[in-house]
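The values are calculated or read from the model by the stated rules, or taken from the named source; none is laboratory data. Please read these numbers as outputs of a predicted model, since none were measured by experiment. Cβ atoms come from the backbone with ideal geometry, glycine included; neighbour counts cover every protein chain shown. With ligands, DNA and RNA removed, areas are computed over all heavy atoms of the protein, side chains included. Shrake-Rupley method; radii C 1.70, N 1.55, O 1.52, S 1.80 Å.
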Amino acid sequence: GAVVSQHPSWVICKSGTSVKIECRSLDFQATTMFWYRQFPKQSLMLMATSNEGSKATYEQGVEKDKFLINHASLTLSTLTVTSAHPEDSSFYICSASGGMVSEQYFGPGTRLTVT
Amino acid sequence: GDSVTQMEGPVTLSEEAFLTINCTYTATGYPSLFWYVQYPGEGLQLLLKATKADDKGSNKGFEATYRKETTSFHLEKGSVQVSDSAVYFCASRNSGNTPLVFGKGTRLSVIA
């Protein structure tokens, strides 16, 4: 099946710094990528939908200036958490679909801890 | 808007017990339905899916049937194993590249 990777798998950063998370489709061209956030013992919350070459569409309540999403190529999307705060600590998961892949395939997730 | 409701956990079962996790959906159209599984510390994996009414998705001994009349997609397995311990998410999606709508997840613990 299609493979989606995320890097890093976990990261610890200090409050006020920015962190970039990468999501890559390894064996297919992902025209659409989705970014989710998962709080402990809770479901996934969709943050934004990203189509290659265009601006991301953010869900209500998600600050686009804080969570910068770039989808510059058909295999890579990045999520940058700017000026991170402890409340941004969470598990961030991406998914990708497109081309011959109609399903959404999920990355393994990135655990962010802001101290 | 579209939504998915699944039974709250946690669910604790003994090995070889029968499993049912209920899931119902609301949708404006005719969505595809999915079950995803999340093992501890990992991302989501597609477990099974069904794309139209009366379709049955199955994988690894798990089954779910798309019931349009009851707007349900209940997950079942006849004999669970300890390795099935995970969080299970029911989800729907209206079309191709639209986002999945997830239920809140059900944590399953299987004890030997």
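The table below gives the values:
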quantity: Count - residues of the stretch A:68-92 that are of a type in the set (Val, Ile, Thr) and either open to solvent by 80 Å² or more (accessible area, probe 1.4 Å) or part of a loop (DSSP other than H, G, I, E, B) (or both); calculated: 2
quantity: Any hit, the stretch B:94-103, residues being touching a residue at least 40 places away in the same chain (Cβ under 8 Å), in contact with a Pro (Cβ under 6 Å, 6 or more places away or on another chain) and surrounded by fewer than 18 Cβ atoms within 10 Å (Cβ to Cβ); calculated: yes
quantity: Search result, residues across the stretch A:79-102 that are farther than 11 Å from A:Phe67 by Cα, among the polar types (S, T, N, Q) and either under 13 Å from the mean Cα position of the chain (by Cα) or more than 10 Å from chain B (Cβ to nearest Cβ) (or both); calculated: A:Ser89, A:Ser90, A:Ser95
quantity: Matching residues, the stretch B:43-56, being open to solvent by 20 Å² or more (accessible area, probe 1.4 Å) and either within 14 Å of chain A (Cβ to nearest Cβ) or not small (Gly, Ala, Ser) (or both); calculated: B:Gln45, B:Leu46, B:Lys49, B:Thr51, B:Lys52, B:Asp54, B:Asp55, B:Lys56
quantity: Filtered residue count, the stretch B:22-36, keeping only those that are assigned to a strand (DSSP E or B) and buried (at least 24 other Cβ atoms within 10 Å of the Cβ); calculated: 5
quantity: Unique residue being among the hydrophobic types (A, V, I, L, M, F, W, C), over 12 Å from the mean Cα position of the chain (by Cα) and closer than 21 Å to B:Val4 by Cβ when the list is A:Phe39, A:Phe34; calculated: A:Phe39
quantity: Residue match in the stretch B:57-65 (condition: within 13 Å of chain A (Cβ to nearest Cβ) and either assigned to a strand (DSSP E or B) or farther than 21 Å from B:Ser32 by Cβ (or both)); calculated: yes
quantity: Boolean, B:Thr12 is more than 20 Å from A:Glu103 (Cα to Cα), part of a strand (DSSP E or B) and touching a Ser or Thr at 6+ places or on another chain (Cβ under 8 Å); calculated: yes
quantity: Residue within the stretch A:6-22 that is hydroxyl-bearing (Ser, Thr, Tyr) and touching a Gly at 6+ places or on another chain (Cβ under 6 Å) present; calculated: no
quantity: Filter result (over 18 Å from A:His85 (Cα atoms) and within 13 Å of chain B (Cβ to nearest Cβ)) within the stretch A:8-23; calculated: A:Ser9, A:Cys23
